[in-house]
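First comes the structure, then the notes that go with it.
The values are calculated or read from the model by the stated rules, or taken from the named source; none is laboratory data. A quick note: this is a predicted structure, and the numbers were derived from the prediction, not measured. Reconstructed Cβ throughout: ideal geometry from the backbone, glycine too, with neighbour counts over all protein chains shown.
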Amino acid sequence: MVGGSLDAFIGEVHRKAAALDSAFELVCGAFSSSPEKSKATGEALGLNPNRVYGSYKEMIEAEVKLPENERIQAVSIVTPNHVHFDPAKLSLENGFHVIIDKPLAFSLDEAIQLKEIVDHTGLILAVTHTYTGYPMIKEAKHFVDSGKLGDVRKIYVEYPQGWLSTPLEQEGNKQASWRTDPTKSGEGGAVGDIGTHAANLAEYVTALKITELSADVNITVKDRLLDDDSAALLRFNNGATGVLMATQIAAGEENDLKLRVYGEKAGLEWTHSDPNTLMYKPLDGPSQRLRAGTGYLSEAATLNTRTPAGHPEGYLEAFANLYLAFHRAVTDHINGELKPLSEYDFPDVEDGVRGMAFVKTMIESGKSDKKWHKITG
């Protein structure tokens, strides 16, 4: 693991997700830019002190020298955005698979470079767009793919948060500080942090691509350096249209990501506040409330469910589903049995590049008087 010291949020989430199915074992790490903090984290996690490193460069250089049956096989990168590219590049170039927290990189240029390295090495890179791991999101995708909605016509996706309604970054809040700092987060604030999740979810469930958007991007809190509020009209490659909202100044909101998809024959609705439920709304019949863990769900939804109906699964389990899918791909790669990546069903480097192209286009559109901007990259 690169990043994820004891006082970090997302590192511990990754560790729990990776360990949930006993598919991965954490054996080494460079957990902080501070060697002392990295050492303290490794000690707390019970790791061999000889494999707790002061920097990711030291870690990669040391691990690649170990016998093949002892060295790491994959690297989990859980750092702020500006420390995604270099450790990912170094890991891939030294033969290690990579799973990385979203967004893929600091910029679109970095994301494209990582894709080129992945294409050249043939290694696996996964991006943790967590919400695609929920069983009922898998079911929603199955409904669209199987034609139960007919041609998709309209997509609404929104991600409201309220935690940055006040200037927490000016009060010493670590998470707020780097997420609102353009030298660490990149050119997008709310757009990069949660807008990428919303865009990815819309594309994942519908199997469509956003081709154009018209965005309104705002900085609401005084003296903040990056956007904290955004919305966009969307156009998709099949002619469907949509609306996306991603804001971190919706006071009182937590993390209630919502998706609605409407086709010619039916609609679907899913909300993160009730992730084990999917609403199916046919044009010619009553609405149906579908539940996780039940026997009538698709193979994909069942594969990503661990408990019987009525036993709630949530964020950590969805995260773990991505790690488990990544594990299947890495295992098959090691055994020389790798299938097309689409069969493993996790966000890959292509999704990561699209996420960075989305951020770049949203920011450009928000600054422009031109109505529509094409997504390229």
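Numbers at a glance
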{"read-out": "Exclusive hit being among the aliphatic types (A, V, I, L, M), touching a residue at least 40 places away in the same chain (Cβ under 8 Å) and over 20 Å from K184 (Cβ atoms), set A17, A44, A105, A40", "value": "A17"}
{"read-out": "Residue count, region 179-196 (criterion: crowded, with 17+ Cβ neighbours inside 10 Å and in contact with a helix residue (DSSP H, G or I) (Cβ under 6 Å, 6 or more places away or on another chain))", "value": "10"}
{"read-out": "Number of the condition not met by D284 [criteria: (1) assigned to a strand (DSSP E or B); (2) of a type outside the set (G, A, S); (3) more than 13 Å from K141 (Cα to Cα); (4) without any contact (Cβ under 8 Å) to a residue 24 or more places away in the chain]", "value": "(1)"}
{"read-out": "Within region 106-122, considering residues that are in contact with a Leu (Cβ under 7 Å, 6 or more places away or on another chain) and within 23 Å of H327 (Cβ to Cβ), the one surrounded by the most Cβ atoms within 10 Å (Cβ to Cβ)", "value": "L114"}
{"read-out": "Output for region 245-262, where each listed residue is surrounded by 21 or more Cβ atoms within 10 Å (Cβ to Cβ) and not aliphatic (A, V, I, L, M)", "value": "T247, Q248"}
{"read-out": "Matching entry among E350, E299 (being closer than 24 Å to V75 by Cβ and at pLDDT 95 or above)", "value": "E350"}
{"read-out": "Given (1) outside any loop (DSSP other than H, G, I, E, B); (2) more than 15 Å from A126 (Cβ to Cβ), number of the condition T307 does not satisfy", "value": "(1)"}
{"read-out": "Meets criteria (of a type outside the set (D, E, K, R), farther than 24 Å from L278 by Cβ, part of a helix (DSSP H, G or I) and under 18 Å from the mean Cα position of the chain (by Cα)) for I112", "value": "yes"}
{"read-out": "Residues of region 242-277 classified as within 18 Å of E203 (Cβ to Cβ) and hydrophobic (A, V, I, L, M, F, W, C), total", "value": "9"}
{"read-out": "Selection count, region 219-264, where residues are aliphatic (A, V, I, L, M) and assigned to a strand (DSSP E or B)", "value": "10"}
{"read-out": "Search result, residues across region 123-165 that are in a loop (DSSP other than H, G, I, E, B), surrounded by fewer than 21 Cβ atoms within 10 Å (Cβ to Cβ) and more than 21 Å from the chain's Cα centre (by Cα)", "value": "S146, G147, K148, G150, D151, S165"}
{"read-out": "Matching residues in region 315-339 - criterion: being surrounded by fewer than 17 Cβ atoms within 10 Å (Cβ to Cβ) and either closer than 16 Å to E139 by Cβ or in the same structural domain as I99 (by TED's automatic domain parsing) (or both)", "value": "none"}
{"read-out": "Sole residue being modelled with pLDDT of 95 or more, over 25 Å from the mean Cα position of the chain (by Cα), crowded, with 20+ Cβ neighbours inside 10 Å and charged (D, E, K, R), chosen from E63, E43", "value": "E63"}
{"read-out": "From R15, R71, R51, residue being in contact with a helix residue (DSSP H, G or I) (Cβ under 6 Å, 6 or more places away or on another chain) and either under 21 Å from L114 (Cα atoms) or surrounded by fewer than 21 Cβ atoms within 10 Å (Cβ to Cβ) (or both)", "value": "R71"}
{"read-out": "Selection count where residues are surrounded by fewer than 19 Cβ atoms within 10 Å (Cβ to Cβ), of a type outside the set (K, R) and outside any loop (DSSP other than H, G, I, E, B), scope region 75-105", "value": "4"}
{"read-out": "Single match in D223, D229 (criterion: more than 22 Å from D348 (Cα to Cα) and touching a strand residue (DSSP E or B) at 6+ places or on another chain (Cβ under 6 Å))", "value": "D229"}
{"read-out": "Check on L268, in a loop (DSSP other than H, G, I, E, B), among the aliphatic types (A, V, I, L, M) and more than 21 Å from the chain's Cα centre (by Cα)", "value": "no"}
{"read-out": "Top-ranked residue of region 14-43 - restricted to ones that are of a type in the set (S, T, N, Q) and assigned to a loop (DSSP other than H, G, I, E, B), ranked as farthest from F326 (Cα to Cα)", "value": "S34"}
